[in-house]
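Readers should treat all values here as calculations from the given coordinates under stated rules, not as data from a laboratory. Nothing here was measured: the structure is a model prediction, and the numbers come from that model. Note that we place each Cβ from the backbone using ideal geometry, even for glycine, and neighbour counts take in every protein chain shown.
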Amino acid sequence: MFYFRLVRGYRLVDLGRLLLTAAAAAVVAGFLLRALGRALSDPPGTHTAVERLLWCLPALAAVGWFAAVAARALPAQRPERMAGLTAAGAGPTRLRLLIAGELALACALGSVVTLLVFLVLRNEIAGPSLAPELGMGVPLPTAAPIALVALLPLVGGLAAAVAVPVTQQLTGHQEPLPAHRFGLPRIITAALLTVGGTLTELYALRPAAADDPRPLRLPAGLGHTSAVLLGGWATASFGAALLTGPLLAGFGRVLALGRPAPRRLLAGRGLTGIARRLGTPLAVLAFTIAVVLTSVRHWVAPGAAGTGPLPAAEALLLTGCTVAAVLARLTEIRAARRPVTATLLRLGGSPRLLFSAALLRWSVAGLVLLATGGLTAALGAGMLSR
Amino acid sequence: MSAAPPDNDVLWARGIVKAHDGNLALREVSIGIREGEVLAVTGTRGSGKSTLLGCLSAQLPVDSGEVWFNSSPVHTLSRAGREKLRRDRFGFVGSEPHLVPELTARENVALPLLLAGAGHKAAYRAAGEWLERLDVSDCAKHRPIELLQSQRQRIAVARALAPLPRVVFADDPTAPLHREARDQLLRILTSAARSHRLTLVLATHDPELAKYADRTVALVDGRTPAPATPVQRPAAAPAIASH
């Protein structure tokens, strides 16, 4: 009941988070129940059920990722709510439980809706085309759908509980900004991985290279590739993801070089300041979009083997969750910077100046997204070209 | 109807009323601030000091009443007009330093000058000078998070004084400081105001600190109960003669 009381004070952002989590959970629950339905209809002895369940993993991870980022952003967005709950005697553990419970509840809502649809459709309503997907005509073991559907609130809630910031930041105190600088080992590791992976792949793609005697089959109708190409691509993508934060910080520093006017100074230093917070969600988004775009390009190419609607639905879900995670992080950053904005306005900075500084900052962040995502996509396309 | 303000008042308010979410913070406050004086506004927490300073310094629009600066109305200004006034004529120190966290101390102090359109070189030179005057020049290249609260507060004072505004508003600037640092900060602030002929409006809940002012106005529940009384000493006397 307590949650529903809290929901009464919800604003659009909170409602959006709730609905988005529920919708994503409903889609993933659909994947899981379809895997169950196929497993029921398949004749005994076929081994595709595990593969189908593995297909649900990226989607499950995407929902967990969004739940984690949303849970982290929540206290900063609603400091007065956190302060009120703390004043009412809720300790750090209870606040963590409350936030995690809220996201788990949203996940449960979505998956229960899907389960109901699944059960109704199974009841001889769906046509014969859907029958094998739903396991129609085969008795449903009670524990199976419940276990699958309970997985979502569990993943969402756990991810959220782990991600909720530590106590001092919960209670509305001024949040200590994390150190701006990325350590040199991190930058060197990231750069080495990126360059090493890229060179490995380029070497394996050289025209004189012999065909791999043991090609790897890729899922979702993406064809075949070699282990060296896949390794090179994975290494370079990981390196590019690690490099995203340092690149943001570096570009910020470059932006404020020389004798910057207030706009360039605020944009550059601001970008360096948020590099650590923005880096990870941006890296995840760049990687996801790169993989999705490369796959779509392969699917729509002439002569490509057709795939079912499932990979497309999964691609859509992954993109949606990672974009939403970046948006949640942006609202968190914006909430944390509210006092800074107030100070700048009080000093007589015009809203137009602040807006244009923010625009410059986000444009440069977009460039970094293009650079790392572009590298991952280009190398991915190269890998699939073999 | 509006009467013209007295000539020697740089800032002048009559009958200003201001409410926050329906709670009346100021009930018909009238006040006149003379050019170059140090005026203390005293009162307990919630007496309306901060709101009064906000209204006088063109941060908050008044609900009714009038505010005049230099014989021109402030209460009728647009938001852009108030921004320009704050940028070009007013300085502000709050009870928290409110520095921009990602900028160094020197960049923080230079920022209002840059916002007002000063050249890069001039802005940074002035910032360096003011940091030196406030005895925090060794913090120039550090970001606020690396500094002590007392150092941050001095940097905030330097930021308010560097553009040489006509009026400096200080809203309980010593709230986060120890007694020693408190006296030092107020001495620097008042002596800088006097030597540069700035007008200083100092809000404080500590009646003891009113000794740094030429004149004191007490606020009680958003009202000024008694007419402001001048302190029995000449305004021109250097307050820091003993230091």
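In summary, the lysines within cross-link reach of residue B:141, defined as a Cα separation below 30 angstrom excluding same-chain residues under 8 places away, comprise B:84, B:121. Is segment B:9-225 best put as rounded, prolate or oblate by its Cα gyration tensor, with a ≥ b ≥ c the root eigenvalues, rounded for a/c under 1.5, and otherwise prolate when a/b is larger than b/c, oblate when not? Prolate shape, in that a/c is at least 1.5 and a/b is the bigger ratio.
Against the empirical curve 2.2 N^0.38 Å, the C-alpha radius of gyration of segment A:2-170 lands at a ratio of 1.20.
Considering only alpha-carbon pairs that sit under 8 angstrom and 6 or more positions apart, the relative contact order computed for chain B is 27 percent.
Hey, with R₀ at 35 Å, roughly what FRET efficiency would residue B:187 and residue A:192 work out to, going by the Cβ-Cβ distance, to 0.05? The computed FRET efficiency comes out at 0.05. Local charge for residue B:212 was computed over the other residues whose Cβ lies under 10 Å away, with Lys and Arg +1 and Asp and Glu -1, and equals -1. A straight line joining the Cα centroids of segment A:77-123 and segment B:148-210 runs 48 Å. The long axis of helix B:179-195 is offset from the longest Cα principal axis of chain B by roughly 80 degrees. For a modelled paramagnetic label at residue B:164, 7 Å from Cα along Cα-to-Cβ, the residues of segment B:122-137 in reach, with backbone nitrogen under 13 Å, are B:123, B:126-127, B:130. Here each label is just a point 7 Å from Cα along the line to Cβ, and for residue A:12 and residue A:359 those points are 2.1 nm apart.
The modelled label-to-label distance between residue A:54 and residue B:64, using points 7 Å beyond Cα along the C-beta direction, is 7.6 nm. Got a sec? Which residues in segment A:43-57 would a label at residue A:214 touch, if it sits 7 Å along Cα→Cβ and we count backbone N under 19 Å? Zone members listed by number: none at all. Let me know the shape class of chain A, please: from the alpha-carbon gyration tensor, a ≥ b ≥ c as square roots of the eigenvalues, rounded when a/c is under 1.5, otherwise prolate if a/b is greater than b/c, or oblate. In terms of gyration-tensor shape, oblate. Given their separation in residues at 0.36 nm each and the Cα-Cα distance between them, residue A:228 and residue A:334 gain 33.9 nm when the chain is fully extended. Overall, the ratio between the Cα radius of gyration of segment B:61-190 and 2.2 N^0.38 Å, rounded to two decimals, is 1.10. Length available on full extension from residue A:120 to residue A:313: 0.36 nm per residue minus the Cα-Cα distance, which gives 67.3 nm. Under 5 Å between amide hydrogens, built in the peptide plane, is the criterion, and for residue B:36 it picks out B:199 among residues at least 5 positions away or on other chains. One decimal place: the segment residue B:30-residue B:129 gains 31.9 nm when fully extended, by the rule 0.36 nm per residue minus the C-alpha distance.
Oblate is the label for segment B:105-170, because a/c, from the alpha-carbon gyration tensor with a ≥ b ≥ c as root eigenvalues, is 1.5 or above and a/b does not exceed b/c. Between residue A:257 and residue B:45, the modelled label-to-label distance comes to 4.9 nm, taking each label 7 Å out from Cα in the direction of the beta carbon.
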